[in-house]
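The values are calculated or read from the model by the stated rules, or taken from the named source; none is laboratory data. The model shown is predicted, which means the values in this text are computed figures rather than measured ones. No Cβ is skipped: glycine too gets one built from the backbone with ideal geometry, and neighbour counts run over all protein chains shown.
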Amino acid sequence: MTTRAELEQLDREDPLAPFRERFFLPDGVVYLDGNSLGALPREAAARVEKAVREEWGNGLIRSWDDAGWMELPARVGAKIGRLVGAEPGSVVCADSTSVNLFKVLAVALGHRADRKTILTEPGNFPTDLYVAEGLAKLVGKGHRLRLEPAERIVRAIDPDTAVVLLTQVDYRSGARHDLGEVTRAAHEKGALVVWDLSHSAGAFEVDLAAAGADFAVGCGYKYLCGGPGAPAYVYVAPRHQRTFSQPLAGWLGHVAPFAFESAYRPAPGVGRYVAGTPPVLSMTALEAAVELLLEAGMAAVREKSVRMTSLFVELAEERLAGNGLVLASPRDPERRGSQVSLSHPRAGELVRALGGRGVLGDFRPPDLLRFGFAPVYNRYVELWDAVEALGAVLAGLS
Ligand SMILES: *Cc1c(COP(=O)(O)O)cnc(C)c1O
């Protein structure tokens, strides 16, 4: 049996422990919802304050150059690229995940014009499914979505598969696809893969270049801690960057925006995936957060994440046995991301009651309690406190 004292000892020995102080977290809260909205890095708040007062307030229009606002999409993109193992110059920060998905999916379909199937999972995140459906309709060439459960995806790739569209880590169960394996299987059948890394980046090591990935997108406000509505990112493998321009051709993806030409000429690289003006304040916050994650290092983050999720499963099973909770995430840490989901018929009530005790996780219908672990700010002892609170709310069910 693991004890609370043992978890306190793990915190004392934890090389990532000093990062906790670099986040603002309210007293009395155990925050296990960083996979919906990452906590606030103090440095992000400080940089936004500076960007507002000095850069915007005093610098005014001059700050586009003087404060480097113009370079934000490429600069922040490059930093995110280092977190996900992208080749230099293959990531930009822009727009939302949904919008970026639209861009890369459109280009990917263009690359495989003779094929009509977009292969994905029924449990993929809804926006991914909706964007694919909407794009297929817009293109009007008879593309269709084929939905297969995760374990059947690889076998379902066939000569009509244009694109395999997958979120690497399932937002409900936390189950994780092997990026390299699926990409290889798709390429063997002549298909391309679009990866959604929303629950991957900042949670563990991703190596897009080594996997031979084609396209990827992901979210800035979950494990990346970029703040509510933070801009997203888009990765395009160097070999795919020049072939097509993406459909949201906007002036800031033009090769020379300030020439104000009437005709669109795309920027030579991934820069063409920028459409319009960057949200400077949001991107400033995201940049500070990503720098902090780079400093922590993804190997250390993953090591602690595996330990945390495994300990959480162990504690929940030891201390909450017989309460009707069932592990809904893979037991093998290699097969899951940085979250643990438990199912219970009254999950919604339980999550609400946990919130009343300061333990913030979330409810995913119909029956999941979902807990995300962010090794840069979560402490081992919080695992104990969360399980303790869950025991108390289970006991209080009437
Ligand atoms: C959170 C999330 C998104 C978010 O999309 P937005 O356009 O930023 O709202 C998209 N896909 C997945 C898999 C997500 O988890």
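Annotations
- Residue that is surrounded by the most Cβ atoms within 10 Å (Cβ to Cβ) [pool: residues in the stretch 120-151 that are away from the ligand (no atom under 16 Å from the Cβ) and not in a loop (DSSP other than H, G, I, E, B)]: ALA136
- Cross-chain or 6+ apart pairs with Cβ under 6 Å, the stretch 327-338 first and on the phi < 0 side of the Ramachandran plot, then assigned to a loop (DSSP other than H, G, I, E, B) and surrounded by 24 or more Cβ atoms within 10 Å (Cβ to Cβ): SER329/GLY174; ARG336/GLY174; ARG336/SER329; GLY337/GLY174; GLY337/HIS199; GLY337/ALA203; SER338/ALA203; SER338/PHE373
- Of ARG336, ARG357, ARG364, ARG352, all but one fail to be surrounded by fewer than 22 Cβ atoms within 10 Å (Cβ to Cβ), modelled with pLDDT of 95 or more, of a type in the set (Lys, Arg) and within 24 Å of the chain's Cα centre (by Cα); the exception is ARG364.
Yes or no, residue by residue, for (1) farther than 24 Å from VAL76 by Cβ; (2) away from the ligand (no atom under 16 Å from the Cβ); (3) in contact (Cβ under 8 Å) with a residue 12 or more places away in the chain:
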{"residue": "LEU179", "(1), (2), (3)": "no, no, yes"}
{"residue": "PHE204", "(1), (2), (3)": "no, no, yes"}
{"residue": "ALA216", "(1), (2), (3)": "no, no, yes"}
{"residue": "VAL236", "(1), (2), (3)": "no, yes, yes"}
{"residue": "ARG265", "(1), (2), (3)": "yes, yes, no"}
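- Of the residues making up the stretch 152-169, those that are touching a helix residue (DSSP H, G or I) at 6+ places or on another chain (Cβ under 7 Å), within 15 Å of LEU197 (Cα to Cα) and either part of a loop (DSSP other than H, G, I, E, B) or within 13 Å of the ligand (Cβ to nearest atom) (or both) are LEU165, LEU166, THR167, GLN168.
- Filtered by the rule that a residue be farther than 25 Å from LEU179 by Cβ and either part of a strand (DSSP E or B) or within 16 Å of the ligand (Cβ to nearest atom) (or both), the stretch 61-115 gives no residues.
- Unique residue being exposed (fewer than 14 other Cβ atoms within 10 Å of the Cβ), basic (Lys, Arg) and more than 21 Å from ALA39 (Cβ to Cβ) when the list is ARG239, ARG319, ARG265, ARG272: ARG239
- Evaluation of PRO345 against (1) at pLDDT 95 or above; (2) over 24 Å from GLU8 (Cβ atoms); (3) in contact with a helix residue (DSSP H, G or I) (Cβ under 9 Å, 6 or more places away or on another chain); (4) not basic (Lys, Arg) (one fails), failing number: (3)
- Of all residues in the stretch 364-385, those that are out of contact with any Lys or Arg (no Cβ under 7 Å at 6 or more places or on another chain), under 23 Å from LEU224 (Cβ atoms) and not hydroxyl-bearing (Ser, Thr, Tyr) total 8.
- The number of residues in the stretch 222-234 that are within 11 Å of the ligand (Cβ to nearest atom) and either more than 8 Å from the chain's Cα centre (by Cα) or farther than 17 Å from ALA203 by Cα (or both) comes to 7.
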